[in-house]
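Just so you know, all these numbers are worked out from the coordinates, no wet-lab data involved. Please read these numbers as outputs of a predicted model, since none were measured by experiment. Cβ atoms come from the backbone with ideal geometry, glycine included; neighbour counts cover every protein chain shown.
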């Protein structure tokens, strides 16, 4: 998400509704790493990329659907899929993408993460409901998630880890995507890290 932060903040400032798609899992060779993001606004403007041309087109349509319905969705894209809708992954690997419309408390959580400067923060998203929480070392904001989810996310943030986790919460299990953002306070190094996030993986 860091790669489209500036554009998302512009949309927030203008009150623009949008849907956000994020790469949450990668298997094999893929053109973009976990955490890469694409967003589509209510007027059809799109920014970012999660893969190549074919997959991005399919993901943009999922974003439009999420804007219409308000529902979050997970979709897997890979060259071996036979589903007529599924687009072929440009590098032969498999990626899983999570798409959600960003409104209300979810927008507040995303905004806090995008605006964080000099502080390690994470965006935690429930992959069933789409509920989003912003989280720092000692604070949380946005949706209220189970204390076990918060504890796991804080551990991942401390280790600068991004990924999907399934966590036991009483009698239920919750699957979340934790996206850790660690800034260094060094603008040159942060710019280098941002460039690294744009590189292909598994090649």
ask   = Expressed as a whole percent, how much of the Cα-Cα distance distribution for segment 2-102 exceeds 15 Å?
value = 57
query = Over the Cα atoms of segment 17-166, what Rg and Dmax result, in angstrom?
reply = 15.3, 46
query = By per-residue mean of other Cβ atoms within 10 Å, what is the highest-first order of 15-27, 46-58?
reply = 15-27, 46-58
note = If R0 = 35 Å, then residue 115 and residue 169, at their Cβ-Cβ distance, give a FRET efficiency to the nearest 0.05 of 0.75
ask   = Could you give the nm distance between label points at residue 53 and residue 161, where each point is 7 Å from its Cα heading toward the beta carbon?
value = 3.9
ask   = At what distance in angstrom do the alpha carbon centres of segment 14-65 and segment 116-174 lie from each other?
value = 21
